[in-house]
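J.: The structure under discussion is supplied below as structure tokens; questions concerning it will follow.
The values are calculated or read from the model by the stated rules, or taken from the named source; none is laboratory data. In this text the structure is predicted, and so the values were computed from the model without any measurement. Note: ideal-geometry Cβ built from the backbone for every residue, glycine included; neighbour counts use all protein chains shown. We work out accessible area using only protein heavy atoms, side chains counted, and drop any ligands, DNA or RNA first. Shrake-Rupley method; radii C 1.70, N 1.55, O 1.52, S 1.80 Å.
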Amino acid sequence: QVQLVESGGGLVQPGGSLRLSCAASGFTLANYAIGWFRVVSGKEREGISCISGTTYYADSVKGRFTISRDNAKNTVYLQMNSLKPEDTAVYYCAAKFLNCGGRYWDRNLFSYWGQGAQVTVSS
């Protein structure tokens, strides 16, 4: 069964850090691009980052978030530093075959999605 599971969310103070994990099962992550998306309450889904042979970051997180992969563990990570209240959202990882799809990767169809992880940044 193809599955993606996010973990590592929670409550953090502004300026703090969290690391989200996206664990894949049922397929080999190395053959797929993994994207991170978030949904802020009441707003449209936003593509945050994607990794294949290349990495992409939304302007809103560039310099603060880092995407990485550990193929041996079949897991992708999103390291989130210098968190801001506006980063509060449900974060999803998603997979598509091969590459992210270029500069506008977030407009491409991702085949598999995780269940989401809540990140809350608050004092």
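J.: With the checklist (1) crowded, with 16+ Cβ neighbours inside 10 Å; (2) in a loop (DSSP other than H, G, I, E, B); (3) at pLDDT 95 or above in hand, flag the one item residue 82 doesn't pass.
T.: (1)
J.: Among the residues that make up the stretch 21-40, is at least one of them exposed (fewer than 14 other Cβ atoms within 10 Å of the Cβ) and in contact with a Pro (Cβ under 7 Å, 6 or more places away or on another chain)?
T.: Of the residues in the stretch 21-40, the ones exposed (fewer than 14 other Cβ atoms within 10 Å of the Cβ) are 25-26, 28, 30-31, 40.
Now restrict to residues that are in contact with a Pro (Cβ under 7 Å, 6 or more places away or on another chain): none.
No; the residues of the stretch 21-40 include none that is exposed (fewer than 14 other Cβ atoms within 10 Å of the Cβ) and in contact with a Pro (Cβ under 7 Å, 6 or more places away or on another chain).
J.: Considering only residues that are assigned to a strand (DSSP E or B), touching a Phe, Trp or Tyr at 6+ places or on another chain (Cβ under 8 Å) and either buried (at least 16 other Cβ atoms within 10 Å of the Cβ) or among the basic types (Lys, Arg) (or both), which ones fall in the stretch 1-16?
T.: Listed by number, the residues that qualify are 4, 6.
J.: Would the stretch 91-110 turn up any residue that is within 28 Å of residue 1 (Cα to Cα), under 12 Å from the mean Cα position of the chain (by Cα), surrounded by 16 or more Cβ atoms within 10 Å (Cβ to Cβ) and modelled with pLDDT under 95?
T.: yes
J.: So, one more: Starting from the stretch 12-31, take each residue that is at pLDDT below 95 and list its partners that are open to solvent by 20 Å² or more (accessible area, probe 1.4 Å) and among the charged types (D, E, K, R), counting only C-beta distances under 8 angstrom and pairs at least six apart or across chains.
T.: 29/69; 30/69
J.: Which numbered condition trips up residue 72, out of (1) outside any loop (DSSP other than H, G, I, E, B); (2) in contact with a Ser or Thr (Cβ under 7 Å, 6 or more places away or on another chain); (3) not charged (D, E, K, R)?
T.: (2)
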